[in-house]
Amino acid sequence: MPTSPNILALGGAHIDRRGQVSGPYVPAASNPGIMREDVGGGVFNALRSIVKRGVSASLLSVRGGDAAGETVASAIDEAGIADLSAVFLDRTTPSYTALIDSEGELIVGFADMGLYDL
């Protein structure tokens, strides 16, 4: 009897934020817009996709012991991925924030990913 593949992946699972300005972008000013926050990371996104196709998956990553880390852990669990990640209680969970103009073009990206450098 064939068995389903088991995948172990090492890599990112973090908070992705995307802020999009509603009108013309004005540098050095407060710009009205909307902010969206999701759990992302290349490896997390790939595993979430393959689990939907019936493949068993485990993730080995790192995250902080903060509220964002709890959000990431919940998303991993909800996706049906086995979580083998290390939690550093004294660190913040990695995140990426993108500021997008009203046309959808990236203005600036901010990567707070120091924990991945361990």
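Data overview
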| quantity | calculated |
| --- | --- |
| Filter pass, residue 85 being surrounded by 12 or more Cβ atoms within 10 Å (Cβ to Cβ), modelled with pLDDT of 95 or more, out of contact with any His (no Cβ under 9 Å at 6 or more places or on another chain) and among the polar types (S, T, N, Q) | yes |
| Selection count, the range 8-37, where residues are assigned to a strand (DSSP E or B), out of contact with any Lys or Arg (no Cβ under 8 Å at 6 or more places or on another chain) and closer than 19 Å to residue 74 by Cβ | 3 |
| Candidates 108, 72, filtered to the one that is in contact with a His (Cβ under 7 Å, 6 or more places away or on another chain) and either assigned to a loop (DSSP other than H, G, I, E, B) or not hydroxyl-bearing (Ser, Thr, Tyr) (or both) | 72 |
| Flag if residue 93 is in contact with a strand residue (DSSP E or B) (Cβ under 6 Å, 6 or more places away or on another chain), at pLDDT 95 or above and not hydrophobic (A, V, I, L, M, F, W, C) | yes |
| Within the range 38-63, tally of residues that are under 16 Å from the mean Cα position of the chain (by Cα), in a helix (DSSP H, G or I) and farther than 16 Å from residue 96 by Cα | 4 |
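The values are calculated or read from the model by the stated rules, or taken from the named source; none is laboratory data. What you are looking at is a predicted structure, and each value in this text was computed from that prediction instead of being measured. Note that each Cβ is placed from the backbone with ideal geometry, even for glycine, and that neighbours are counted across all protein chains shown.
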